[in-house]
Amino acid sequence: MNSQYLSVDREAVWAAMFAWLKTRLWGAPWAPDTVYAAGAVVCDPQGSLQTVTTPGASSAAQPAWDDDGGATIDGGVTWTNTGVGFVSMGRKHKAPPSLGLLEQPALFVVQMSEEHVPQKFPGTPTKLILHGFLILYLQAPVPAEEIGQETQLAAEMLNARFKAIDAAMLPDDDLSGKFTIGGLVEHCWIEGETRQDPGILGPQAAAILPLHILVP
């Protein structure tokens, strides 16, 4: 067997990709009467990431969160909104209704296939491309609003998370201008059709983004 295949640790690549996104997009649910250190992150019920800027103990009841980029006072803690995120992240897909309301917004990194691409010169080891999906779910509000005067849309919530994922995958290699998961791979990117359901038949919204990873 070609030694190139033996040298690729596929599991390490997928695990690193998941860890990279989780570090940037995940926050644990808020907890009452809890001491939070500076820099701690939670995900509030609206799906916004809140970061501790003044450490201390949280209050007994959940505060009224500022989801517009401002600060929230919570007992002895000051939180600052740092963008949208996910309260659940995993690598094993879990779909609604098994995925409950309190587990959303949720993001799953799922590997699906791999492709061996011949290179220009005969005898040169093929390039290995790993293919997978980013699958996300969220529950959208369904207020009673007049048609054409909607103020809360699941599509807006999905779009905000697409933007957050894009930001998490910005190029990290100045020379190549590519996202390399911290130098682990040659390139990692989203390409192809993104399928989405912005709550067409109810409050449940979902999207599937095609993910590709080019291994050196």
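Nothing in this text is a laboratory measurement; each read-out follows from the coordinates by a stated rule. Remember, it's a predicted structure, so these values are computed and weren't measured experimentally. Every residue, glycine as well, gets a Cβ built from its backbone with ideal geometry; the counts of neighbours run over all protein chains shown.
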With every atom except the alpha carbons ignored, what do you get for Rg and Dmax of the range 137-178, in angstroms? 16.3, 51
Let me know the Rg and Dmax you get for the chain when you use only its Cα atoms, in Å. 20.0, 67
Net charge over other residues, Cβ less than 11 angstrom from the Cβ of residue 183 (K, R count +1; D, E count -1): -2
What are the ³J(HN,Hα) couplings of the range 187-193, residue after residue, when phi is run through the Karplus curve with 6.51, -1.76, 1.60 and θ = phi - 60°? Round to Hz, x for glycine and proline. 6, 9, 7, 9, 8, x, 6
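Would you mind finding the longest exposed-site-free stretch of the chain, with exposed trypsin sites (Lys or Arg not before Pro) meaning DSSP loop and at most 10 other Cβ atoms within 10 Å? Don't jump to the answer; show the numbers that get you there.
Working: sites that count: 92, 120.
Answer - 121-216.
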Kindly provide the helix-only [θ] at 222 nm of the chain, computed as the sum of -39,500 (n - 2.57) over DSSP H runs of four or more divided by all residues, to the nearest 500 deg cm²/dmol? -5000 deg cm²/dmol
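Averaged across orientations, what area in nm² does the convex hull of the alpha carbons in the range 28-84 project?
Values: hull surface 12.2 nm².
One quarter of the hull surface, i.e. the mean projection, equals 3.0 nm².
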Members of 94/127; 127/163; 94/163; 94/178; 92/120; 127/178 lying beyond 25 Å, as alpha-carbon distances in this model show: 94/127; 127/163; 94/178; 92/120
Which residues' amide hydrogens lie under 5 Å from the amide hydrogen of residue 30, considering only partners 5 or more residues apart or on another chain, with H built in the peptide plane? 43
In the Gaussian network model of the chain, springs joining C-alpha atoms below 10 Å, which of 154, 40, 64 carries the largest mean-square fluctuation? 64
Whose amide H sits under 5 Å from the amide H of residue 207, counting only residues 5 or more places off or on another chain, with H placed in the peptide plane? 136, 197
Listed by chain and number, the residues whose amide H is under 5 Å from that of residue 78, excluding neighbours fewer than 5 places away on the same chain and using placed H, are 53, 54
In the chain, if the dipole is taken from +1 on Lys/Arg beta carbons and -1 on Asp/Glu beta carbons about the Cα centre, which of 61, 168, 204 is farthest to the positive end? 168
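Just add up the charged neighbours of residue 81: K/R +1, D/E -1, any other residue whose Cβ is under 10 Å from the Cβ of residue 81. Walk me through the intermediate numbers first.
Numbers: positive: none; negative: 44, 66, 67, 68.
Net charge in that neighbourhood comes out at -4.
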I want the local charge near residue 141. Using Cβ-Cβ distances under 11 Å, sum +1 for each Lys or Arg and -1 for each Asp or Glu among the other residues. -3
